[in-house]
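Heads up, the thing below is written out as structure tokens.
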Amino acid sequence: MQKFVLRLSETWALCGGVLLLMIMLVTSINVAGFTLNRVAGVFGGSVSGLPGYEDFVSLAVACAALMFLPLCQARRGHVAVDLFVALFPETVRLMLDRAWLATTFVLAVFLAYWMTIGLFETQSDNVLSPVLGWSVWPFYIPGVISLCLWALVAAIQTVGDSGHV
């Protein structure tokens with residue numbers, strides 16, 4: 001189960017990376033359009049940027065940012081401050097680590113719950129992106145999946161022997 005969850009976290013983060021590459025590509029094209037517009041303006045021409053650029057980027061970034069959390073948790077990549085804890089006995093450090101892992105699990109479940117509520121409210125309100133008119137609620141789905149996967153990783157680490165997935 002641990003290896004499956006790790007592979008799932010890696011694949012999910014890879015999907016987030018692909019999404020970031022798409023964001024970078026769209027941003028580069030948009031910047032190139034604005035640059036060409038300035039050059040073309042000198043000669044009386046006009047080149048526009050991508051319509052709806054802000055819609056796509058804001059929705060895609062919201063998805064991609066959360067897609068890295070499960071792998072970060074699996075690799076224990078979150079920031080940890082061990083200034084005083086390093087002085088404690090091993091059993092105390094282990095107990096503190098398990099307590100924080102359990103807290104992380106509860107936090108991820110809490111966030112997933114409220115994001116799911118937000119998804120359903122956004123869907124029922126028929127919220128659309130301002131320029132492109134895309135339904136916003138489907139962009140909540142990767143976030144909910146990310147938070148549930150993050151919670152699963154934290155749960156496995158909480159009960160596991162090494163604290164790693």
Practice problem: Select from segment 54-64 the residues that are open to solvent by 20 Å² or more (accessible area, probe 1.4 Å) and of a type in the set (Asp, Glu) and list them in ascending order. | Solution: GLU54
Quiz item: Does LEU25 satisfy the condition of being of a type in the set (A, V, I, L, M) and open to solvent by less than 80 Å² (accessible area, probe 1.4 Å)?
Solution: no
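Yes or no, residue by residue, for (1) without any contact (Cβ under 8 Å) to a residue 60 or more places away in the chain; (2) outside any loop (DSSP other than H, G, I, E, B); (3) more than 30 Å from GLN157 (Cα to Cα):
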residue: LEU6; (1), (2), (3): no, yes, no
residue: TRP12; (1), (2), (3): no, yes, no
residue: VAL18; (1), (2), (3): yes, yes, no
residue: VAL26; (1), (2), (3): yes, yes, yes
residue: ILE29; (1), (2), (3): yes, yes, yes
residue: ARG38; (1), (2), (3): yes, yes, yes
residue: ASP55; (1), (2), (3): no, yes, yes
residue: LEU66; (1), (2), (3): no, yes, no
residue: ALA80; (1), (2), (3): yes, no, no
Practice problem: Among the numbered conditions (1) under 21 Å from the mean Cα position of the chain (by Cα); (2) within 18 Å of ALA74 (Cα to Cα); (3) not charged (D, E, K, R), tell me where ALA99 comes up short. | Solution: (1)
Self-check item: Unmet requirement for PRO51, which otherwise passes all of (1) in a helix (DSSP H, G or I); (2) loosely packed, with under 12 Cβ neighbours inside 10 Å
Solution: (1)
Quiz item: Mind checking which residues of segment 82-93 are of a type outside the set (Val, Ile, Thr), exposed (fewer than 12 other Cβ atoms within 10 Å of the Cβ) and assigned to a helix (DSSP H, G or I)?
Solution: ALA86, LEU87, GLU90
Exercise. Tell me which residues, restricted to segment 94-130, are surrounded by 13 or more Cβ atoms within 10 Å (Cβ to Cβ), touching a residue at least 60 places away in the same chain (Cβ under 8 Å) and not in a helix (DSSP H, G or I).
Key: SER129
Quiz item: Taking the condition on the phi > 0 side of the Ramachandran plot, modelled with pLDDT under 90 and either surrounded by 12 or more Cβ atoms within 10 Å (Cβ to Cβ) or within 18 Å of the chain's Cα centre (by Cα) (or both), does GLY163 pass?
Solution: yes
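The values are calculated or read from the model by the stated rules, or taken from the named source; none is laboratory data. Since we're looking at a predicted model, the values are computed, not measured. Cβ: placed from backbone, ideal geometry, glycine included. Neighbour counts: every protein chain shown. For accessibility, only protein heavy atoms count, side chains too; no ligands or nucleic acids. Shrake-Rupley method; radii C 1.70, N 1.55, O 1.52, S 1.80 Å.
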